[in-house]
Amino acid sequence: MKQTEKKPVIEFKDFQFQYFSQAEPTLQNINLTIYEGEKVLLAGPSGSGKSTLGHCLNGLIPFSYKGEIKGSLKIMGQESRDMDIFELSKKVGTVLQDSDGQFIGLTVGEDVAFALENDCVAQDAMRETVQKVTDIVDMGKLLESSPFELSGGQKQRVSFAGVMVDDVDILLFDEPLANLDPATGKTAIDLIDRVWRKEKKTVVIIEHRLEDVLYRDVDRVIVVSEGGIVADMTPDELMAADILPKLGIREPLYVTALKYAGVKVTPQMKAGRMDTLDIAQVREALLSWNKEQPEKRESLTGPELLKAEDISFQYTKKRRILRDVSFLIREGEMVSIVGTNGAGKSTLAKLICGFVKEDKGKLYYSGHDMSDWTIKERSGKIGFVMQNPNQMICKPMIYDEVALGLRIRGVPEEEIEAKVDKALKICGLAPFKKWPVSALSFGQKKRVTIASVLVMEPKILILDEPTAGQDYHHYTEIMEFLKSLNSQGVTIIMITHDMHLMLEYTPHAIVISGGEKIGDAGAVDILTDEGIAERANLKVTSLYELAVRTGMEEPSSFVQNFINYERGTRRE
C-alpha cells in the first residue's frame, strides 16, 4: 500500500504554539502528516521544539503547559483542541524521558496495572496482561519492587510496560534511551520495533541518539530546529544530505568514518542503517584510509591518585552489590566506568564519596587510607554529579543553586558571581541565569547540577551519566570543558552508557558486571571485545562492525585510528 493511500493519524497544518511565559513561539509553521502504521523519528538539538511537538501530541499542551495555539492539529481525524486529556490518552500512549514523573503505583505491578484498573478490567485478566508485558521488558520478576528502588534503565522499562497494557493507536516515546545501557537500549529499540510490526501501531520516537534508533527500520526522520521542520527524509536520504552536523546533531559513527575516508555518501549507498550499507561501494576507500593512518596509543602515566583494594559492599544480606573490586586511577586521567544497569557502578561512586561505607577492602587517595575521612573531608577533594538532577537540586533559582556550595564555604559574593557565570556559560546556561529551575527541561536541569559542582573546583570529579539527555552540541561543549579541566590536573571519572564518549574522551575504561570487575583496559580494547561487551551489556561500536564487514584484519586498529583522527580534527 502506498503511503498516500494510508490513513493520516497525525496532521499538523500551519501549526504554531507559544508558551505564555515566552516572548516568541516555540513552534511555528509546522506542516506535518504522519500516517497509520508509520514509525517516525523526531530528532533535533535541545531547545529545538521536538519535545514541545510531543507534548502537543499527548495533550500535555495545552492541559499542563499553557500557551497560545494557532493552526490545526488533528489526531485520528479529530481536532485535538476539541478533545479532553482522557480522550487523548486513549489514542496516544507516552513513555516519558523522566520516568520518575510517570509512576503512580507503590509497586511495579500496581504501576503497570494502573490503566487497566481505570478501565475496570477483571483481576485475573489484569494479572495476566501485567505479567505478559512486564516479561517482555524483563521486569516480570520485580512486580513487588518499588519503582523508586530501581535503576534508571529498569524504571524506563516499567514505564514502557505501563503504556503497552493500553490499546492505544499511537505510541510516543520521549527519549526512550536516555537512561539505558547500550545493550538494554538495543533491546528497547527491538521491542519498539516488534510491537510496531506486530500490532501495526503508529510509532513516534523523540530521540537525539540517531544511530541507536536506526539500529532498526524507521520510515522517516523528521529533523526539527529552532521551532520548525528543516528535514523530512528517509534515513538513507538524511545521511547523504549533510544536515545533521550543521545542526549540532551527532550522525552515526560509521557515517562519520566514511566521510573521514573521503567517501561521498549518497542515498544509493543505503547508509541510513549499518545493516543496509552497501559495503562494496566503500570498501576500497576505507581500507586505503586505514592503511595511511599512523599508529598511536596513549599510555597511562602519572602518580597514583585513587586506588581500590578488594572493595565489597551489600545493602542487605541478600543483596550483594560489589564483590572484591580493585582498580587504580592515576592523577590526570579521564576514566569511564561502564556496565549493565544495576551492576553497581553508582554504588561504587557513592563509596568513593563516602555516602555509604564499604563492608570490606580499602580506598586510598594519593596513598592515604580514606576509611576515617568524613563526607565533608572527601568533598574537598571529590565532586559528584548524580544521574537524576531532581535528586540534587534544592534551590528554586538557577543562580542560587549553582552558588550554593560556594556560599556554604563562605566565599565572597563578588567571587561567587564570576565563578557561577563561568560555570553557567560552559554548561550552556548563561541565558537562563535568572530563571527558576522549574522552567527548565530535564537535560537543562542536568547541566545545572554539573555547573553546581564545577564551581567547587574539585581534584576528582565523578559524573554519573553526564551527557544523558544532551544533544551533540551541548554534549561536546560539556565534554570539551571537562577535557580542558582534565588538562589542568583534575581527574575525571564518568559513569556512562555513551560508547562514543567512552571512546573519544576516556582512554581508560573499567567494566563492572554483576558487582565484579570484568575489564580494566583501554576503551578501544573494551569496545572491540565481543565477550566483555556481551557480559557487561555494552555494544561493540559500529566502527568495529564497519571494520569487520569491510574485511580488515585488525578491526580494533581501525577504531583506534578513527579516534586518533577525530581528536586531531577537533584540536584543529
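Numbers below:
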| quantity | calculated |
| --- | --- |
| Members of the range 13-29 that are modelled with pLDDT of 95 or more and touching a helix residue (DSSP H, G or I) at 6+ places or on another chain (Cβ under 8 Å) | Phe15 |
| Filter pass, Val420 being β-branched (Val, Ile, Thr), open to solvent by less than 20 Å² (accessible area, probe 1.4 Å) and part of a helix (DSSP H, G or I) | yes |
| Boolean, Glu11 is open to solvent by 20 Å² or more (accessible area, probe 1.4 Å), touching a strand residue (DSSP E or B) at 6+ places or on another chain (Cβ under 9 Å) and either without any contact (Cβ under 8 Å) to a residue 40 or more places away in the chain or assigned to a loop (DSSP other than H, G, I, E, B) (or both) | no |
| Of all residues making up the range 104-142, the number that are open to solvent by 60 Å² or more (accessible area, probe 1.4 Å) and outside any helix (DSSP H, G or I) | 6 |
| Pairs, first assigned to a loop (DSSP other than H, G, I, E, B) in the range 14-26, second open to solvent by 70 Å² or more (accessible area, probe 1.4 Å) and of a type in the set (D, E, K, R), C-beta under 9 Å, six or more apart | Phe20/Lys66; Phe20/Glu68; Ser21/Lys66; Pro25/Glu68; Pro25/Lys70 |
| Qualifying residues in the range 195-237 (those that are part of a helix (DSSP H, G or I) and modelled with pLDDT of 95 or more) - the one least open to solvent (accessible area, probe 1.4 Å) | Pro235 |
| Residue among Ser145, Ser159 that alone is out of contact with any Gly (no Cβ under 6 Å at 6 or more places or on another chain), among the small types (Gly, Ala, Ser), more than 16 Å from Lys39 (Cβ to Cβ) and part of a loop (DSSP other than H, G, I, E, B) | Ser145 |
| Selection status of Leu88, closer than 28 Å to Lys155 by Cβ, open to solvent by less than 40 Å² (accessible area, probe 1.4 Å) and under 19 Å from the mean Cα position of the chain (by Cα) | no |
| Residue check for Gln97: of a type in the set (S, T, N, Q) and either open to solvent by 30 Å² or more (accessible area, probe 1.4 Å) or assigned to a helix (DSSP H, G or I) (or both) | no |
| Qualifying positions in the range 275-297 - open to solvent by less than 20 Å² (accessible area, probe 1.4 Å) and either part of a helix (DSSP H, G or I) or farther than 19 Å from Val213 by Cβ (or both) | Ile279, Val282, Leu286, Trp289 |
| Test: residue in the range 388-411 that is buried (at least 21 other Cβ atoms within 10 Å of the Cβ) and modelled with pLDDT under 90 | yes |
| Tally, over the range 145-170, of residues that are farther than 20 Å from Ala343 by Cα and open to solvent by 10 Å² or more (accessible area, probe 1.4 Å) | 8 |
| Residue match in the range 113-128 (condition: modelled with pLDDT of 90 or more and among the β-branched types (Val, Ile, Thr)) | no |
| Any hit, the range 238-252, residues being open to solvent by 60 Å² or more (accessible area, probe 1.4 Å), within 30 Å of Glu207 (Cβ to Cβ) and in a helix (DSSP H, G or I) | yes |
| Unique residue being among the hydroxyl-bearing types (Ser, Thr, Tyr) and on the phi > 0 side of the Ramachandran plot when the list is Ser366, Ser379, Ser438 | Ser366 |
| Residue tally, condition free of Cβ contacts under 8 Å to residues at least 60 places away in the same chain and touching a helix residue (DSSP H, G or I) at 6+ places or on another chain (Cβ under 8 Å), over the range 191-208 | 2 |
| Residue match in the range 58-69 (condition: charged (D, E, K, R), within 17 Å of Ile170 (Cα to Cα), more than 27 Å from the chain's Cα centre (by Cα) and open to solvent by 40 Å² or more (accessible area, probe 1.4 Å)) | no |
| Any chance Ala257 is among the hydrophobic types (A, V, I, L, M, F, W, C) and in contact with a Gly (Cβ under 7 Å, 6 or more places away or on another chain) | no |
| Hey, Val385 without any contact (Cβ under 8 Å) to a residue 60 or more places away in the chain and among the β-branched types (Val, Ile, Thr) or not | no |
| Thr187 vs. criteria touching a helix residue (DSSP H, G or I) at 6+ places or on another chain (Cβ under 8 Å), open to solvent by 30 Å² or more (accessible area, probe 1.4 Å) and not basic (Lys, Arg) | no |
| So Val490, is it within 30 Å of Tyr365 (Cα to Cα), open to solvent by 10 Å² or more (accessible area, probe 1.4 Å) and among the hydrophobic types (A, V, I, L, M, F, W, C) | yes |
| Residue selected from the range 70-85 under the condition of a type outside the set (Ser, Thr, Tyr) and in a strand (DSSP E or B), by the criterion most open to solvent (accessible area, probe 1.4 Å) | Lys70 |
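One line per residue, one yes/no per condition, for (1) touching a residue at least 40 places away in the same chain (Cβ under 8 Å); (2) closer than 23 Å to Ala509 by Cβ:
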site	(1), (2)
Asp400	no, no
Glu414	no, no
Ala418	no, no
Ile426	yes, no
Lys434	no, no
Lys446	yes, yes
Leu463	yes, yes
Pro466	yes, yes
Thr491	yes, yes
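The values are calculated or read from the model by the stated rules, or taken from the named source; none is laboratory data. What you see is a predicted model; the values in this text were computed from it and never measured. Note that each Cβ is placed from the backbone with ideal geometry, even for glycine, and that neighbours are counted across all protein chains shown. Note: accessible area is taken over every heavy atom of the protein model, side chains too, but ligands, DNA and RNA are not part of it. Shrake-Rupley method; radii C 1.70, N 1.55, O 1.52, S 1.80 Å.
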